[in-house]
2 protein chains.
Amino acid sequence: MPATPAVPDGKRPTLAHVAARAGVSVALVSIVMRGAYGASDATRERVLRAAEEIGYRPDTRARLLRSSRSRLLGVQFGLRHPFHTDLVEGIYAAAEPAGYQVALSAVAPSRGERQAVEALLADRCEALILLGPEVPAARLAELGAQVPVVSVARRLRPAPPGVDVVRSADDEGARQAVEHLVALGHRAIVHIDGGRAPGAADRRRGYRTAMNRHGLADHVRVLPGGLTEEDGARAARTLLAEAPRPSAVLAFNDRCATGVLDTFLRAGVTVPDEISVVGFDDTRLARLAHIDLTTVAQDIPRIAQLAVGRAIARLDGEDVPDGENVIPPRLVVRGTTAPPGGAGRG
Amino acid sequence: MPATPAVPDGKRPTLAHVAARAGVSVALVSIVMRGAYGASDATRERVLRAAEEIGYRPDTRARLLRSSRSRLLGVQFGLRHPFHTDLVEGIYAAAEPAGYQVALSAVAPSRGERQAVEALLADRCEALILLGPEVPAARLAELGAQVPVVSVARRLRPAPPGVDVVRSADDEGARQAVEHLVALGHRAIVHIDGGRAPGAADRRRGYRTAMNRHGLADHVRVLPGGLTEEDGARAARTLLAEAPRPSAVLAFNDRCATGVLDTFLRAGVTVPDEISVVGFDDTRLARLAHIDLTTVAQDIPRIAQLAVGRAIARLDGEDVPDGENVIPPRLVVRGTTAPPGGAGRG
DNA sequence: CCCACCGTCTAGAACGTTCTAGATGCTCCG
DNA sequence: CGGAGCATCTAGAACGTTCTAGACGGTGGG
């Protein structure tokens, strides 16, 4: 005679089913499932066996509903930005050992930041980690008033209460790039910027300051760009049309830089012989031999770790000092930069 | 005198708070918030205003706990695969208009497929959409017995009950690639495969069949590869060491193909003059001018739409016929293929 | 004038879990 | 022998929502 399944029809097994099968109370099963104190080894084993047998799986939502803490970190990211997806990997790696779960909410063409964040809040995330948020600062302040918020890669001055900032020293990164180009002998260095994108203002400023410091104030030139390949390509087309072209370009990020490279290549302008190009982010893309892009690397694991750390510290009620966490970037020299006039590549 | 906030301290507002403020019952507020039938226009407006004023936000988890349906689709994807992230965008676009929410669970170095799926099930997803799952078929069958499962890009023969398959005609794609190369005059065409990756077996078979059909059985050669750049690079290094090299390479996917291109480029082997290369997926990467990769495009929006459609159909209890949904791919000819011996590029 | 019916609203029980408060029985100590 | 103290276990109330059943007043047909 086959044992009657303890679980009715299509319903999924609950604590009560396990309890019935193991012959104990629901509360005790809860204790065992959580690994909490208060059950003998013998019953513990018996309960676990019963749970295993009927395929019990705890219901996160019911669990969170009851307990005051949800231990859930909400992460908003852009699916198309390798920089973001790499950060997400780091966030998983940092959050799970600390006993926090991660809820992802992507920004996509059909799904704005507002929608992405609303979903996270409705899911009861205790804190928000926003990767490169582009909403107005006022909106971030509003969110910060509700839950701890960590803004990654987006500077806020001053940071509203409840909002932490973790970012690379974007100005410093731009400075390193300019120093490198100047050391190679470049003077006409143009910056294709990121417009209103997070970090863009700092990179612009870093570029300007470095240029001025080297007495190149006359050569300062910022071209409107953006964070996609298309934005880079558009700016590059402007440069192509010019009589004496600049000898070097500092792009807002790697995607933008590949758009620039792409356009130059199609137009027969050789890089770095005729013009040098520098990116920002050091994505996997930049490392490929065809692209082999000189770029400014951000310390992604460290940024992820810090972002999670700040969020958790706030949740644990630690009295985190207000202020930004700024992480130094590092220039990675590859094949798209060379002295002007073309000593050339390889 | 400032109005006393209807909501105590740090707690977030609930239906009860809204009800108290609007002077109606909790049940009525629930009706209004859901937009359900059973409230007059006057009270409806009054309740909505009260909710707005105290910043009420429904609690998804409590909502799901109570109602039998969760209207939640769980999606497992790989953060590093542009093919997956593009699909996720399509899935959002298809699911939300149909009234379903999407829960994302990423596979990362620190987080295997088992863990990713467990998280989705614990969150009460009604159906699972798995992008390129690599777990054993038995495991998928086991999952299919619990909830509707859609396996995207991974073939299963036979598909276990409860498991739908949506995929490109991988064999057909490989065939198109071979046809193209043969038409250009190639004979020694080698395939760098995807090992045990989803779709790899079909692409291998399509390659073999097409080669045989053209009387090139003697030239059939499958080199072990994989789905990352590194896998492609490794295989390319093997080829570089050989005396007469093949004249064309069909790589498992675009990432693998870029690894191949990369290695050839660094070794001074010109593409397509000395050797032609074809990828698979038509990622944004392939379209960049430096790479300009001939590749097999998959119809991503259609795949996403179909995957969501099948999941929802199963949930709605429609009697979906078992069987795969196979979508034809399309070869995109770009700059990495040319006749052998080098009439060359540009 | 009665009753059925409709639109509007409400009380209270679910959902699956955790938490609080306490019950039970055992051991150990004076 | 009488508690105190401990380990183990349990009943029942929460959590914030939806659902079921029904209450209430007004209207209209016979």
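Quick notes on this structure:
- Filter pass, B:Ala116 being over 26 Å from B:Pro161 (Cβ atoms) and either more than 10 Å from chain A (Cβ to nearest Cβ) or aliphatic (A, V, I, L, M) (or both): no
- Checked against (1) at pLDDT 90 or above; (2) assigned to a loop (DSSP other than H, G, I, E, B); (3) within 16 Å of DNA strand D (Cβ to nearest atom); (4) within 13 Å of chain B (Cβ to nearest Cβ), A:Tyr37 passes all but a single condition, namely (4).
- Boolean, B:Leu64 is part of a helix (DSSP H, G or I) and either in contact (Cβ under 8 Å) with a residue 12 or more places away in the chain or near DNA strand D (Cβ under 8 Å from one of its atoms) (or both): yes
- Among the residues examined, B:Pro58 qualifies as under 18 Å from B:Arg124 (Cβ atoms), out of contact with any strand residue (DSSP E or B) (no Cβ under 7 Å at 6 or more places or on another chain) and not in a helix (DSSP H, G or I).
- Scanning the stretch B:30-45 for residues that are more than 8 Å from DNA strand C (Cβ to nearest atom) and surrounded by 10 or more Cβ atoms within 10 Å (Cβ to Cβ) yields B:Val32, B:Met33, B:Arg34, B:Glu45.
- Count of the stretch B:95-111 residues, restricted to those that are more than 9 Å from chain A (Cβ to nearest Cβ), within 15 Å of the chain's Cα centre (by Cα) and open to solvent by 10 Å² or more (accessible area, probe 1.4 Å), is 1.
- Condition met for A:Arg49 (open to solvent by 40 Å² or more (accessible area, probe 1.4 Å), away from DNA strand C (no atom under 16 Å from the Cβ), more than 9 Å from chain B (Cβ to nearest Cβ) and part of a helix (DSSP H, G or I)): yes
- Taken over the stretch A:67-93, the criterion of being touching a residue at least 60 places away in the same chain (Cβ under 8 Å), assigned to a helix (DSSP H, G or I) and open to solvent by 10 Å² or more (accessible area, probe 1.4 Å) is satisfied by A:Pro82, A:Phe83, A:Asp86, A:Glu89, A:Gly90, A:Ala93.
- For the stretch A:126-147, a tally of residues being surrounded by fewer than 22 Cβ atoms within 10 Å (Cβ to Cβ) and in a loop (DSSP other than H, G, I, E, B) returns 5.
- Here B:Arg203, B:Arg196, B:Arg208, B:Arg187 are screened, and the one residue that is buried (at least 16 other Cβ atoms within 10 Å of the Cβ) and under 19 Å from the mean Cα position of the chain (by Cα) is B:Arg203.
- Filtered by the rule that a residue be β-branched (Val, Ile, Thr) and more than 7 Å from every other protein chain (Cβ to nearest Cβ), the stretch A:53-94 gives A:Ile54, A:Val75, A:Ile91.
The values are calculated or read from the model by the stated rules, or taken from the named source; none is laboratory data. This one's a predicted model, so the numbers in the text were calculated from it and none came from an experiment. With ideal geometry, Cβ positions are generated from the backbone for all residues, glycine too; neighbour counts draw on all protein chains shown. With ligands, DNA and RNA removed, areas are computed over all heavy atoms of the protein, side chains included. Shrake-Rupley method; radii C 1.70, N 1.55, O 1.52, S 1.80 Å.
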